[in-house]
Structures are given as C-alpha cells and as structure tokens.
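Comments concern the structure below.
The values are calculated or read from the model by the stated rules, or taken from the named source; none is laboratory data. This one's a predicted model, so the numbers in the text were calculated from it and none came from an experiment. With ideal geometry, Cβ positions are generated from the backbone for all residues, glycine too; neighbour counts draw on all protein chains shown. The area values use the complete protein model at the heavy-atom level, side chains included, leaving out ligands, DNA and RNA. Shrake-Rupley method; radii C 1.70, N 1.55, O 1.52, S 1.80 Å.
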Amino acid sequence: MNAPIKVAVMGCGHIGSYASRAVLLAPDMELVGIVEAPARVEEIRQKFPGVAVTTAWQDLAVKPQVAILGLPTRTVIQVAPQLLAAGICTVDCFDMHGEPFMNLRATLSPVAIANGSVSVMGAGVDPGVSTIMRSLFELWAPTGLTYVTYGPGMSMGHTVAAKSYAGVKDALSITRPGDPGCHKRDLYLEITDGYEFEEVKARILQDSYFCHDDVRVFQVEDVTPLVDMGHRIHVFRKGGASGIDNQLLDFETTFHNPASTAQVMVGCARAATRLAPGAYTMLDIPPLAYLAGGESQLKKLF
C-alpha cells in the first residue's frame, strides 16, 4: 500500500477549515499541519486537536508534499512561488478570470518546472468543475452558445475582497441571477465607527472584483443573520452536433460553496502528486488523477 500523501492547509478560514476536514477523511492522505495567523493559532488547535498548527510552513515537523491554499486570491501569487521553489506542490482556488489568471500561470509554471513541483490553479466549483462542464458541452455541441447563470448564493472571493477595505467591519457578497453570463451582486457592509458608508462604498466599487458588474450596496448593522453559504450554478448550451442543430445540454447544481470548493481542492491535491512538474488548470488534468484509487476506479466507472 502506498504511503499517504502528506498535505498541509494554509489559511483556516471557511475553505481551509473544510479542506482540513476533507483531508482527515481522505483514505490516502495525512494532514501534517495547518498554517494560520498568530491570533488564530489556539482557536485552530482547539478545532483540530492532534493536528500541528503553526504560523509558518517552514516550522512544520513534517514537510508536506502538497499545500492547499485557503488564502485570499490576491495573496496566491506571493505565497505559491515560495512553496513551489521548496519542492512543495500547491493547490489554489484563484478566482480572478481572464488576464489575472493567465498572469498567475505564467508566474507559477517556470518555478514549478525548475523545482520539480506542481501547481493546480483555480481549483474549486467555479472556476473548476463548472469550467470542465462548459468544455464538455462544447465538445458535445461545438457550434452554438453556452449560457451560465449564477446564484443566488454567497461569493467567497468577493466577500473576502470587500472585507479587506479599511472601514469595513464585516461584509457579505451575494451573487444573484441576472441575464445569462451577466453577474449581478448584492453587497452588504457593516461599517466601522468613524468611517462614512458612501466613501467606503465608492472605494469598493472601483475594485476589479466589482467594477464590471451590476452591484447593489447596502449598509447593515450585522451581516451574520444574512449569511447562507449555499450557491447555485446553471450551465445551459444550445448548439449543434454533427451538423444537427438544437442539441440542448443542461447542468444545474446547488451546493455549499466553501465545503464543495474545499473537497475539489483535495482531489486536486491528490492529482498534483501524479503529474509532471508545471502549472495546470483542472482542464489539463485527466479525471482519474483526482480520484483515490486512480485507474482502479475504471471498472466502477465503466
């Protein structure tokens, strides 16, 4: 029997906490540590008794093979290269699309190749699983159009981005259904004493997470009663196959956002140990690489 994959989780917020649970439940993995900010170390030790909790990955007694990055998207480009350079594979849930995503790949790929490590980028539900579904639909019906509708549901990345601004005591960003392919958002803000709501709102709306979308912003006394981590994605394609039109392909799911994102990241951590050095998206990876048992799953799947 192969030795378990040694995994560390960096950042133990919503996604990191569920990733830690998922690693502990995985039959082929060992959680060798959690890395968290000093202020939360004791809290995390109580939450995960028996698991090493440190403030730096270098302090872990056992070097991880893979680090799952439950960190804000904008920190990945600083943290991941350090790990890759040390020969540690990384899995992130980077959720900024387009040019920022391609810039991250261009940054991580040479570091990973030079140091014999692997980066799996944009792992989660979206980007990630829904990206795969869209590509499968295009394979099936290469002509036509795909429509994607999100929500209603909590956006983890947008919520974290809003919380990072001075004057924001707490925040919640909800993605709500709009026209297919168009994001609409409701942003709820708790404002710190001494700050003006309109000034804080104006700064946040200039952020690249929000400036391209239709955003409604509300000031609230407490966001806690509004929090629901469920989400929804609907992918629909109307296209043609073999020159025949009106092929209708439909995928819809409702899910717990951080728990599902974390579970997919754990599958990607497994895949990272089975790949040649480099930076990968989930589209680049054979599906069997994500599954415990690998090729032994073929009989069950076919």
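A few comments on the model shown:
- For segment 110-264, the relative contact order is 28 percent, taking Cα pairs closer than 8 Å that sit 6 or more residues apart in sequence and dividing their mean separation by the residue count.
- D (Stokes-Einstein, µm²/s), Kirkwood Cα radius, the chain, 0.890 mPa s at 25 °C: 120
- Taking a ≥ b ≥ c as the square roots of the eigenvalues of the Cα gyration tensor, an a/c ratio of 1.5 or more together with a/b no larger than b/c marks segment 59-192 as oblate.
- Tensor-based shape of segment 1-106 (alpha-carbon gyration tensor, a/c under 1.5 rounded, otherwise prolate or oblate): prolate
- Prolate/oblate/rounded label for segment 41-99 (Cα gyration tensor, a/c 1.5): oblate
- Separation of segment 210-241 and segment 76-114, taken as the distance between their Cα centroids, equals 27 angstrom.
- Cβ crowding within 10 Å averaged over residues, with 211-224, 273-286 ranked highest first: 273-286, 211-224
- Mean residue ellipticity (222 nm) of the chain, computed from DSSP H runs ≥ 4 via -39,500 (n - 2.57), nearest 500: -9500 deg cm²/dmol
- Listed peptides 183-190, 65-72 appear in the order 65-72, 183-190 once ranked by packing, highest mean of other Cβ atoms within 10 Å at the front.
- Portion, in percent, of the accessible area of the chain that falls on carbon or sulfur, probe 1.4 Å: 56
- Segment 1-84: relative contact order in percent, alpha carbon pairs under 8 Å with at least 6 residues between: 36
- Largest to smallest in accessible area, the residues Leu248, Leu84, Leu139 fall in the order Leu139, Leu248, Leu84 (1.4 Å probe, all protein chains included).
- Only Cα pairs under 8 Å and 6+ residues apart enter the sum, and on that basis the relative contact order of the chain stands at 20 percent.
- Simple label model, 7 Å out from Cα along Cβ direction - Asn103 to Thr254, nm: 3.8
- Rolled with a 1.4 Å probe across the full set of protein chains, the surface gives Ser164 an accessible area near 80 Å².
- Rolling a 1.4 angstrom probe over the protein heavy atoms with all chains in place gives segment 72-168 an accessible area of 40 Å² per residue.
- Peptide packing for 45-52, 31-38 was compared via the average number of neighbouring C-beta atoms within 10 Å per residue; ordered from the highest value, the list is 31-38, 45-52.
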